[in-house]
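Take a look at the structure below.
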Amino acid sequence: MAADLDDDGEQTVSINEYLESIEEEELEADLVLGGDEGDECTYSKGYMKRQAIFSCLTCTPEGNAGICTACCLSCHDGHEVLELWTKRNFRCDCGNSKFREFSCKLSPNKDVENVENSYNHNFKGLYCTCNRPYPDPDLQEQEEMIQCCMCEDWFHEEHISLGSPNEIPRDEEGEPLYEDFICKACSAVCSFLTLYPKTIRATGKQPVASVATGKDKSVLEDIPPKDEPGKLDNDVCSDTVQNNLVADMNHDSVSDDKKFVVGESSQNNDSSSLSQSIANSNGTCILGVDWMAASIDSESRPLFLSKNWRDVLCRCDKCLDMYKQKHISYLLDKEDSIAEYEKNAKQKREEKLQEREGAELNFFNNLGHIEKMEILNGIADFKDEFRSFLGSVDPSKAITAADVNQIFENLKNKRRRV
């Protein structure tokens, strides 16, 4: 929020700037917390798909435990607590054996340990391959970090093994063009992704894989960026993948005279449903090859994945078993993504605001006639006093705290005279 200085050197902001900053802070908090009101411990909900998690270094300096929003507020108020944003498949640890004699105030009866929880150096306040804290006390200006959707660690742009941060897919205004990021280490676990058309990967200008159907044929077209050839990383698999996708389209009997977009087609919901139908085809692997034996580039590299890339992943029995063995079945779950988490958070926020407005209106309507008139008269008095104040001050001067206090003092004096 931009701020000016008045004649006394104090920071000043406009009312609109102040209200906008409050709105932005509330929205940011809701996006992180996922709409969680923080009024009850989430332990009873089990291992949640995704939730906001915190690490209390006062209670667990080893950084081997995580707590939910409610426990952060109720049980660890005043402690040194780290905000870890969100973690998947996590259950609140507050008060278990890792906290020694400390007991959870909200849900004291917990297992000794949550064996399915995963922890990394984030719980100690360290991030990236450089193992540095955030914010970094040694830096005057903090660097932007990107989270890997698999290990959920955060990385500085200059440490994600790219030739230059300029290779990160962004639009002209610097906004990300990718939905998910996979770090170099994790990309080795899912090297099979290189067997898919390049449309699942985000670039400076998003490629679009479209399926056009006519009376006699179905065609899957992989449209590459201008400076890249229209090939997969592994040419041996290119034709096979393309042909299997087309065959699955024919099997699903896609209606004639329609065009669908797979990948970064955010404005057409048909793309998601179409790619889902492709991926969920009749038990036939859309890759059409034994990816374990296929020639895959052994050099792992970070991946930036385009919108709806999860929808295109094969869901045949063989691939499902592979995801399970690698413990990455969550890649098939759209609700696992941060984008979906924030989407749900925004929806909950809108519902909460509507409920709040409704509650305020009901409160006013349930008041008696005299109480209603007192409130309305009070609002009218304040508007008159504030309007009078604005008409008496120099518009070039900033409104100070003393000015605001004088407004309310004048209102009190008027009330006494009535």
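A straight line joining the Cα centroids of the range 128-196 and the range 45-86 runs 24 Å. Among the listed pairs K110/K343; K87/K334; K307/K348; K49/K348; K184/K346, those with a Cα-Cα distance over 20 Å are K110/K343; K307/K348; K184/K346. Evaluating 6.51 cos²θ - 1.76 cosθ + 1.60 at θ = phi - 60° for every residue in the range 359-374, the Karplus couplings come out as 5, 5, 5, 5, 4, 5, 5, 7, 6, x, 4, 5, 5, 4, 5, 5 Hz, glycine and proline recorded as x. Looking at the range 337-406, the accessible area is 76 square angstrom per residue; that uses a 1.4 Å probe and ignores ligands, DNA and RNA.
Only the Cβ atoms of Lys and Arg (+1) and of Asp and Glu (-1) were treated as charged; on that basis the dipole of the range 338-386 about its Cα centre amounts to roughly 300 debye.
Give, to the nearest whole percent, the P(r) tail of the range 35-165 beyond 25 angstrom, counting all Cα pairs. Distances greater than 25 Å cover 27 percent of the Cα pairs. With the simple spin-label model, which puts each label point 7 Å out from Cα in the Cβ direction, the E157 to S97 separation comes to 4.5 nm.
Residues in the range 82-99 carry Karplus couplings, in order, of 9, 8, 9, 6, 10, 9, 8, 6, 10, 10, 4, 8, 3, x, 7, 4, 6, 9 Hz; the curve used is 6.51 cos²θ - 1.76 cosθ + 1.60 with θ = phi - 60°, and Gly or Pro positions show x.
Amide H to amide H, with H built 1.01 Å from N, R201 comes under 5 Å of S306, counting only residues 5 or more places away or on other chains.
The values are calculated or read from the model by the stated rules, or taken from the named source; none is laboratory data. Remember, predicted model here, so these are calculated numbers, not experimental data. Quick reminder, even Gly has a Cβ in these numbers, built from the backbone with ideal geometry, and neighbours come from all protein chains shown. Keep in mind that these areas ignore ligands, DNA and RNA; they rest on the heavy atoms of the full protein, side chains included. Shrake-Rupley method; radii C 1.70, N 1.55, O 1.52, S 1.80 Å.
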